[in-house]
1. Per DSSP H run of at least 4 residues, take -39500 (n - 2.57); add these up for the chain, divide by its residues and hand me the 222 nm value, nearest 500 deg cm²/dmol.
2. Antiparallel versus total DSSP beta bridges in the chain: what percent is that, nearest 5?
3. Can you list residues from other chains, or at least 5 along the same chain, whose modelled amide H is less than 5 Å from the amide H of Gly210?
4. Obtain the nm distance between the two label points defined at Arg138 and Asp102 by a simple spin-label model: each point lies 7 Å from its Cα along the Cα-to-C-beta direction.
5. State to the nearest 20 debye the size of the charge dipole of the chain about its Cα centre, where the only charges are +1 on K and R beta carbons and -1 on D and E beta carbons.
6. In percent, what relative contact order does the chain have, based on Cα pairs under 8 Å that are 6 or more apart in sequence?
7. Taking the 0 to 90 degree range and rounding to the nearest ten, how far is the long axis of helix 216-233 tilted relative to the main principal axis of the chain, both from C-alpha atoms?
8. Taking +1 at the Cβ of each Lys and Arg and -1 at the Cβ of each Asp and Glu, which of Thr40, Ser226, Ala119 sits farthest along the dipole of the chain towards its positive end, judged by Cα position relative to the Cα centre?
Amino acid sequence: MWIPAIVLLIAALLAGTAADKPDKKVAIVIDDFGNGMKGTEEMMKLSIPFTAAVMPFMPTTKQDAEAAFKRGLDVIVHMPMEPNRGKKEWLGPGAITTDLSDEEIRKRTEAAIDDVPHASGMNNHMGSKVTADERVMRIVLTVCKERGLFFLDSRTTSKSVIPDVAAELDVPLVSNHIFLDDVYTTSHIVGQVARLKKKLADHAAVVAIGHVGPPGLKTSAAIRNSIGEISKQAQFVRVSELLPSSAYEKQIFP
């Protein structure tokens, strides 16, 4: 008779633990890994799951992707894409631009995926011009579909065609809600973290993008300092955990 009692006690404890977990979710994405940028080490030491967006063809692309994978993080390709404004050299090697042929766009997309170990998804680096171009995005998303990758629309333009094309091609899609460090000051980044917390009031899940590089140390500190408070409202998750269950089950993680 004592065995059922123990079973019931364990079940009650497990139910209590599950009930204590917030239902809402926050997915932090950190862009621009791959070039040994400032804040890389600090981001990798964060005690939460997040998604590492790694630029292809850069000096530490493989090193950063492997480090993230070993930590159990999502690794995604941070695909350089042409913006409406900005210098071409900001894009990095292998960028997708609107003047490329269909064949070249496919070639560059496939090469980028091949260059980032363990990639399970992709998002756009810059890209306000490309992500509004249906021809280009149809090719990019077709390759993602063929390779089993999801896409994260960073939402660098309100004219993004990604939601419509991804739905047509049945590519799993997640969209960004807020940039944490679009201005490189501590006060702005802290303010954006506060905005993230407010968004949880009327969103079941919030996606936020930060960066290594110029704001890397400030952003990592702001995230680290907010973990306790945000954890009272939501669970920190990888972006892949926001995908429909059928798509999520297809992903392979460490």
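None of the figures in this text is laboratory data; all of them are computed from the coordinates on show. Remember, it's a predicted structure, so these values are computed and weren't measured experimentally. Cβ placement follows ideal geometry from the backbone for every residue including glycine, while neighbour counts extend to all protein chains displayed.
1. Numbers: 9 runs with 106 residues, N = 254.
My calculation for the chain gives -13000 deg cm²/dmol from helical runs alone.
2. 0 percent
3. Val29, Ile30, Asp31, Leu180
4. Simple spin-label model gives 0.8 nm for this pair.
5. Value, rounded to 20: 720 debye.
6. Result for the chain is 26 percent.
7. Computed tilt is about 40 degrees.
8. Ser226
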